[in-house]
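Note sheet for the following structure.
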Amino acid sequence: QVRLVESGGGLVQAGGSLRLSCAASRRTASAYGTGWFRQAPGKEREFVASITHSGDSTVYADSVKGRFTASRDNAKDTVYLQMNSLQPEDTAVYYCAERPATGSYIYWGQGTQVTVSS
């Protein structure tokens, strides 16, 4: 069982930066990978980024590639999402989630609001 808590969201002007954190409290082994997702009002949830347990492999949605960077500190069991050059289109609730090597993302955090103003 894993409890995930996102933090670091807030209000930022376009062009600014935020770093989101996803802290895990687990009773299971580390997940194969951790993903970041976001959902804007009136829109479907979308994939943002993912990172493996070792941190040696990352995947980014085209919409954030080059602007967002996922990383992790396994000693703290925390995953980060550094978001630079934020745009109003990035406004959404951001969630982190974990999945095993096989299967879908089954552990989800409560989300943190990111609002980017023009």
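Here are the numbers:
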| quantity | calculated |
| --- | --- |
| Accessible surface of the chain [probe 1.4 Å, protein heavy atoms]: carbon and sulfur percent | 47 |
| Sequence-separation-based contact order of the chain, relative, with Cα cut under 8 Å and 6+ spacing, percent | 36 |
| Selection from 39, 101, 82, by position along the positive dipole direction of region 5-118 (Cβ) | 101 |
| Reduced Cα scattering model of region 1-49, Debye log10 I(q)/I(0), q = 0.29 Å⁻¹ | -1.21 |
| Check: region 1-116 dipole with +1 on Lys, Arg Cβ and -1 on Asp, Glu Cβ, in debye | 240 |
| Signed unit charges on C-beta, dipole axis of the chain, positive-most listed residue 114, 66, 13 | 114 |
| Computed over region 1-53: relative contact order in percent, which uses C-alpha pairs under 8 Å that are six or more apart | 30 |
| Average accessible surface area per residue within the chain, 1.4 Å rolling probe, Å² | 52 |
| Amide H within-cut-off set for residue 48, under 5 Å, with H built and near neighbours excluded | 36, 37, 38 |
| For region 81-97 and region 39-69, distance of Cα centres in Å | 9 |
| Coarse-grained scattering of the chain at q = 0.12, 0.19, 0.23 Å⁻¹, given as base-10 log I(q)/I(0) from a Debye sum over alpha-carbon atoms | -0.38, -0.95, -1.37 |
| Contour minus Cα-Cα distance for residue 28 and residue 65 (0.36 nm per residue) | 10.2 nm |
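The values are calculated or read from the model by the stated rules, or taken from the named source; none is laboratory data. A quick note: this is a predicted structure, and the numbers were derived from the prediction, not measured. Neighbour counts run over all protein chains shown; Cβ positions are idealised from the backbone, glycine included. Ligands, DNA and RNA are excluded from the accessible area calculation, which covers all protein heavy atoms including side chains. Shrake-Rupley method; radii C 1.70, N 1.55, O 1.52, S 1.80 Å.
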